[in-house]
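> Sharing a structure, written as structure tokens. Questions coming.
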């Protein structure tokens, strides 16, 4: 009977080792089986043509002037090369001075978002509302910080 007990114990240990080591016979390590990702662009970007004259209205806030509506402005996007564009805006200051300011911008690869640097005032981010409508938000910080939401409508030629 003592012999059967040792035989049973030996068999139990042997079976446990087989179960424990099952699946551990593969010699590849995760580093050996790494897959190199490949990037494949399957579609061309859908970049809209935004050149032309745009009528602009806006509303915003700044610590110096509080809340205010901005009088209508004219923005002209003069050139576009793929995702990049440039132009200028014309506006009249509250004290009646005519101002022209340049800007540069880019359209996201998916054609949905605009990024713009107003050379004189700050950063702008926006999105297309429709084929001839944009919403842009100008923001800058510091002593003269402000946020302005602009609504742009392209003028028909």
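The values are calculated or read from the model by the stated rules, or taken from the named source; none is laboratory data. Model, not experiment: these values are computed from the prediction. FYI the Cβ positions are ideal-geometry reconstructions off the backbone, even for glycines, and counts take in every protein chain you see.
> Could you grab me the full set of residues in the stretch 79-108 that are in a loop (DSSP other than H, G, I, E, B) and on the phi < 0 side of the Ramachandran plot? Full working, then the answer.
Filtering the stretch 79-108 for residues in a loop (DSSP other than H, G, I, E, B) gives 82-83, 93-97, 108.
Once the filter is applied, which keeps residues that are in a loop (DSSP other than H, G, I, E, B) and on the phi < 0 side of the Ramachandran plot, the stretch 79-108 yields 83, 93, 94, 95, 97, 108.
> Select from the stretch 107-128 the residues that are over 27 Å from residue 63 (Cβ atoms) and under 11 Å from the mean Cα position of the chain (by Cα) and list them in ascending order.
From the stretch 107-128, those over 27 Å from residue 63 (Cβ atoms) are 107-113, 128; that's our starting set.
The answer is 107, 108, 109, 110, 111, 112, 113.
> While we're looking at this one, here's another question. Which ones in the stretch 41-78 are loosely packed, with under 10 Cβ neighbours inside 10 Å, within 24 Å of the chain's Cα centre (by Cα) and either part of a strand (DSSP E or B) or at pLDDT below 60 (or both)?
41, 42
> Oh, and also: Could you list, in sequence order, the residues of the stretch 129-142 that are more than 18 Å from residue 59 (Cα to Cα) and in contact (Cβ under 8 Å) with a residue 40 or more places away in the chain? Explain how you work it out, then say what you get.
Let us first name the residues in the stretch 129-142 that are more than 18 Å from residue 59 (Cα to Cα), namely 130-132, 142.
Selection gives 131 alone.
> Ok, one more. For the stretch 143-154, give me each residue that is surrounded by fewer than 16 Cβ atoms within 10 Å (Cβ to Cβ), under 18 Å from residue 127 (Cα atoms) and at pLDDT below 95.
Going residue by residue through the stretch 143-154, those that are surrounded by fewer than 16 Cβ atoms within 10 Å (Cβ to Cβ) are 143-145, 147, 153.
So of that shortlist, the ones also under 18 Å from residue 127 (Cα atoms) come out as 147, 153.
Matches in the stretch 143-154: 147 only.
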